[in-house]
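Contents: one structure, followed by commentary.
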Amino acid sequence: HEEITRRSQAMENNDTADLRKYSRQAYLQKRRDKKIDEIKDEILDHEYIFQDVKLTEAEEKEFRYKKKIYDLVKEHVEGADDAAEYKMPEAYDMGESINQEKRFSVAMQRYKDPEAKDKMNPFAEQEAWEEHQIGKSKLQFGSKDRKRSSDDYQYVFEDGIDFVKSSVIEGTKLEEDSDQEDADEKDMLKRELQDERKTLPIYKFRDELLKAVEEFQVIVIVGETGSGKTTQIPQYLHEAGYTAKGKVACTQPRRVAAMSVAARVSQEMGVKLGHEVGYSIRFEDCTSEKTLIKYMTDGMLLREFLGEPDLASYSVVMVDEAHERTLSTDILFGLVKDISRFRPDLKLLISSATLDAEKFSDYFDSAPIFKIPGRRYPVEVHYTKAPEADYIDAAIVTVLQIHVTQSPGDILVFLTGQEEIETIDEILKHRTRGLGTKIAELLICPIYANLPTELQAKIFEPTPEGARKVVLATNIAETSLTIDGIKYVVDPGFCKIKSYNPRTGMESLLINPISKASANQRAGRSGRTGPGKCFRLYTSYNYMHDLEDNTVPEIQRTNLANVVLTLKSLGIHDLVNFDFMDPPPSEALLKALEQLFALSALNSRGELTKTGRRMAEFPLDPMLSKMLVASEKYKCSDEAISIASMLSVGNSIFYRPKDKQVHADNARLNFHTGNVGDHIALLNVYNSWRETDYSTQWCYENYIQVRSMKRARDIRDQLEGLLERVEIEVSSNASDLDAIKKAITSGFFHHSARLQKNGSYRTVKNPQTVFIHPSSGLAQVLPRWAIYHELVLTTKEYMRQVTELKPDWLVEIAPHYYQLKD
Ligand code: ADP
Ligand code: MG
């Protein structure tokens with residue numbers, strides 16, 4: 001009740017900031033309360049079938065309560081005077097083809113007779129349905145062709161580690177037993193793809209574009225998403241002979257985009273991924289001597305400057321998705337602009353999906369702008385009548401609503417991250433399951449950065465006839481990836497944005513409203529193949545008054561320590577006068593210098609020290625790099641790289657299946673024996689796995705994700721190589737946990753916190769109240785002093801990956817930063 005009142009209050013005052021806060025809370029609340037009865041929910045959504053239900057007393061009571069809440073919210077929804085035509089969530093259009101009555105009678109049946117639900121066996125139905133789908137898609141697309149391309153996808157999209165290993169074997173195997181028929185099929189696929197290439201909007205401008213590249217050194221290219229910039233331009237350049245003089249680089253802000261686009265282009269060119277066409281992302285290099293076209297994250301190109309300051313091996317650099325203005329892209333701008341002056345043979349293409357290209361042109365000394373007229377159909381934009389209290393819920397209802405009321409066409413929903421996508425995936429499956437053949441099939445396809453690569457290909461597969469695909473995506477689908485067949489876009493209006501407070505040095509990843517530019521990009525995704533519709537889960541008032549015009553470039557809202565270290569090691573000392581397109585706040589620059597000084601990466605004159613030079617070799621956050629460099633002193637570099645790679649994998653080491661949570665938790669606690677702290681626990685996991693000779697079975701038994709472990713192993717191999725490069729011997733000191741913890745402290749002494757009386761912690765520098773994350777092995781132990789890897793804000797500000805700290809270590813390790821009081 002309180003929750004609802006607060007939300008209503010926020011709604012009434014049209015206080016969007018508050019509303020978002022409470023929506024977020026409501027969402028979290030919901031995630032905690034997983035037992036919400038789906039059918040009751042459904043009935044709440046569709047009040048009108050309420051009347052003839054027989055309920056038990058308890059049920060009725062609960063029901064009334066829920067209805068009351070529902071009415072309360074509804075009242076506010078209806079009370080709002082915004083005249084937009086889009087109504088939520090009660091606006092089911094009865095005129096459409098789907099038989100509503102039938103649909104709800106099934107729901108009712110299940111509600112009245114819960115036993116019947118089991119009798120109907122939703123799983124059996126689901127299985128049958130899946131069979132049916134597979135059968136259908138085989139029939140429709142011709143089993144051979146279909147199989148061929150999906151096999152190819154599986155092969156090209158394989159996970160990093162698996163890929164590198166299996167590709168060779170599978171590849172040769174494929175060739176060995178490929179008969180004539182197979183070769184024909186391959187040719188056919190290639191021919192088909194070649195024909196497809198010619199239908200892209202950019203094709204008509206191929207020659208003109210090549211002429212422009214010949215004439216000018218720098219060109220700004222602007223074109224609608226999906227016009228073919230990313231996949232075609234590098235191929236055109238290759239065909240025109242640019243790759244004879246050096247590689248063509250094409251940068252992407254996102255890993256998934258770099259991998260997926262490279263896979264697509266290798267397919268179009270009929271070559272194996274990693275040969276002529278390859279990609280390079282952090283910790284994963286899928287290129288070879290042969291590689292001519294290299295897709296890479298912008299961060300990777302930035303790192304290549306370290307080894308090759310003039311990018312001599314490249315003939316063309318295409319900075320793609322420039323409008324995203326990621327930190328690395330912004331730094332790249334300055335660096336490529338600089339080298340273009342003394343390398344007149346190097347061609348620079350800056351490509352962007354938005355039309356405000358003048359800024360790029362101005363920055364690159366009035367470079368010409370090449371516009372590729374897009375193919376864009378009209379998009380109808382719908383707003384909600386009143387702000388939605390819970391955008392997750394609103395998104396689900398909207399998807400179902402589109403599904404049952406709108407003509408065929410796929411749906412794209414923009415969400416903020418993996419967690420949200422998984423939640424919605426689950427709820428949507430739950431809600432449509434059992435309805436079986438009563439409604440058209442709904443294929444749910446998630447896409448986010450950490451999605452196993454073999455699953456990523458699913459979003460590109462054509463939707464079988466009679467079914468509808470719903471793609472649940474992060475911002476990646478805004479411009480980086482083009483998904484064909486989308487006719488409806490659901491836009492809750494949020495994304496995760498990194499923000500940084502230079503005063504406290506705190507960085508946080510928070511869910512924030514998107515900008516108008518983003519909103520329009522999102523809407524545009526629905527109008528690529530025909531007229532589309534965009535459902536915004538906010539009001540037109542919100543759009544007009546609350547959204548910023550453009551997203552603030554990352555450089556102005558992030559910790560710059562990493563970039564400053566890179567620039568310093570490139571010999572760029574005068575950061576204040578570096579040619580930034582939009583300079584970062586000087587406070588943030590100062591803070592970065594300060595932090596690097598504290599880590600002894602810079603001396604008091606701001607020059608790079610030996611430690612700093614070594615740190616810059618690692619593609620890691622400076623604090624982690626410092627931990628590795630410091631491990632030399634404590635003779636535990638073996639342990640340090642294991643810990644660093646486990647931390648770099650993210651929070652996907654342990655898993656907790658719903659039905660075995662207790663087992664999983666016990667297995668996890670085994671690694672924490674002796675309250676060693678989370679860092680050492682991660683080390684224990686890695687070492688135990690290594691002892692079993694990297695056994696998959698062992699992972700299963702211990703509720704550890706194999707995929708994550710393989711990735712950690714791969715990262716570790718690379719870090720080991722880098723240790724050698726900075727001349728640090730690999731030495732193990734496994735029995736001396738304090739030594740290992742001191743090495744960690746050497747990197748993370750900024751992140752220390754002290755226990756308070758109430759069980760919370762107070763960070764030592766820039767005091768702030770924080771808590772130990774419930775997933776930590778020390779969550780019940782509460783050491784007096786702690787050091788943490790990162791802060792995450794969910795319901796509270798939590799420290800994640802925590803280890804106990806002895807306070808005198810701080811004075812020993814960072815005397816310039818910490819002093820004893822007495
Ligand atoms: P732009 O960079 O201008 O946004 P792209 O070159 O990325 O355009 O995409 C052009 C077309 O190529 C898209 O419309 C899409 O149909 C196709 N395409 C791109 N990537 C893939 C992929 N991984 N799988 C299938 N099709 C793809
Ligand atoms: Mg693109």
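In terms of modelled amide H atoms, which long-range or inter-chain residues lie less than 5 Å from the amide H of residue 445?
470, 471, 472
Given points 7 Å out from each Cα along the Cα-Cβ axis, report the residue 574 to residue 633 separation in nanometres with one decimal.
Here the modelled spin labels are 3.5 nm apart.
Residue by residue through region 216-228, which ³J(HN,Hα) values in whole Hz follow from phi under the Karplus form 6.51 cos²θ - 1.76 cosθ + 1.60 (θ = phi - 60°), with glycine and proline marked x?
Whole-Hz 3J(HN,Hα) from phi for region 216-228: 10, 7, 10, 10, 9, 10, 10, x, 3, 4, x, 7, x.
If amide hydrogens are placed 1.01 Å from N in the peptide plane, which non-local residues have theirs closer than 5 Å to the one on residue 770?
Residues meeting the amide H criterion: 761, 762, 763.
From the backbone phi of region 669-684, what are the Karplus-calculated ³J(HN,Hα) couplings (6.51 cos²θ - 1.76 cosθ + 1.60, θ = phi - 60°) in whole Hz, Gly and Pro given as x?
Going residue by residue, I get 5, 3, 6, 9, 3, x, 6, 6, x, 6, 5, 5, 4, 4, 4, 4 Hz, with x marking Gly and Pro.
Pairs of alpha-carbon atoms within less than 8 angstrom and 6+ residues apart define the contacts here; what relative contact order does region 695-769 have, in percent? Don't jump to the answer; show the numbers that get you there.
Numbers: 33 pairs, mean separation 8.5, N = 75.
Relative contact order here is 11 percent.
What per residue convex hull volume, in Å³, do the alpha-carbon atoms of region 267-367 yield?
Working: hull volume 11.7 nm³, N = 101.
With only Cα atoms used, region 267-367 gives 116 Å³ per residue.
What spacing in nm lies between the two simple spin-label points modelled at residue 192 and residue 345, each 7 Å away from Cα in the Cβ direction?
My value for the distance between the label points is 4.1 nm.
Hand me the GluC sites (Glu not before Pro) from region 753-822 located in a DSSP loop with no more than 14 other Cβ atoms within 10 Å, in residue order please.
Within region 753-822, no GluC sites (Glu not before Pro) qualify (loop, at most 14 other Cβ atoms within 10 Å).
If you put +1 on each Lys and Arg Cβ and -1 on each Asp and Glu Cβ, how big is the dipole of region 268-416 around its Cα centre, in Debye rounded to 20?
Magnitude of the dipole: close to 320 debye.
Just to confirm a number: summing +1 for Lys and Arg and -1 for Asp and Glu over residues other than residue 478 whose beta-carbon lies under 11 angstrom from that of residue 478, what do you get?
Details: positive: 254, 522, 525; negative: 321, 324, 491.
Neighbour charge sum, excluding residue 478 itself: 0.
Over all directions, the average projected area of the alpha-carbon convex hull for region 384-533 comes to how many nm²?
So the mean shadow area of the Cα hull is 10.4 nm².
Under a 5 Å amide H to amide H cut-off, with H placed in plane at 1.01 Å, what residues pair with residue 250 once short-range neighbours are removed?
Those lying under 5 Å, H to H, from residue 250 are 294, 295, 296, 318.
Taking the beta-carbon count within 10 Å as an exposure proxy, list 699, 636 from fewest neighbours to most.
699, 636
What does the net charge come to around residue 768 if you take all other residues with beta carbon closer than 13 Å to its beta carbon, with K and R at +1 and D and E at -1?
Net of charged neighbours comes to +3.
Would you order 345, 298, 638 from fewest to most other beta-carbon atoms within 10 Å of each residue's own beta-carbon? Intermediate results must be reported in sequence, preceding the final value.
On the way: 345 10, 298 24, 638 21.
Neighbour counts put them in this order, fewest first: 345, 638, 298.
Express in nm, to one decimal, how much length is gained between residue 308 and residue 760 on full extension, taking 0.36 nm for each residue of separation and deducting their alpha carbon distance.
Result for the pair: 157.9 nm of gain on full extension.
Which of the GluC sites (Glu not before Pro) found in region 389-497 are loop residues per DSSP with 15 or fewer other Cβ atoms within 10 Å of their Cβ?
The qualifying sites are 465.
Which ordering of 510, 599 is given by a fewest-first count of other beta-carbon atoms within 10 Å?
The most exposed by this proxy come first: 510, 599.
What length, rounded to one decimal in nm, is gained on full extension from residue 217 through to residue 549, with 0.36 nm per residue of separation minus their alpha-carbon distance?
Length gained, residue 217 through residue 549: 116.4 nm.
Under a point spin-label approximation (7 Å from Cα along Cα-to-Cβ), what is the residue 356-residue 796 distance to one decimal in nm?
If labels sit at residue 356 and residue 796, their model points lie 4.1 nm apart.
Could you work out how much longer the chain between residue 501 and residue 729 gets when fully extended? Use 0.36 nm per residue separation minus the Cα distance between them, nm to one decimal.
Contour length minus the Cα-Cα distance gives 78.3 nm.
Determine, for each peptide in 279-285, 667-673, 690-696, the mean count of other beta carbons within 10 angstrom over its residues, then list the peptides with the highest first.
279-285, 667-673, 690-696
Quick one: of 245/272; 710/765; 371/533; 516/796, which pairs are farther than 28 Å apart, Cα to Cα? Before the final figure, lay out the partial values.
Working: 245/272 22 Å; 710/765 36 Å; 371/533 26 Å; 516/796 30 Å.
Too far apart for the 28 Å limit: 710/765; 516/796.
Using θ = phi - 60° and the Karplus curve 6.51 cos²θ - 1.76 cosθ + 1.60, what whole-Hz ³J(HN,Hα) does each residue of region 754-763 get, with Gly and Pro shown as x?
10, 5, 9, 4, 8, x, 8, 10, 10, 5
Since every read-out is calculated from the coordinates, none of them should be taken as a lab result. Every value quoted in this text rests on a predicted model; they were computed, and no experiment measured them. We place every Cβ from the backbone using ideal geometry, glycine too, and count neighbours over all the protein chains shown.
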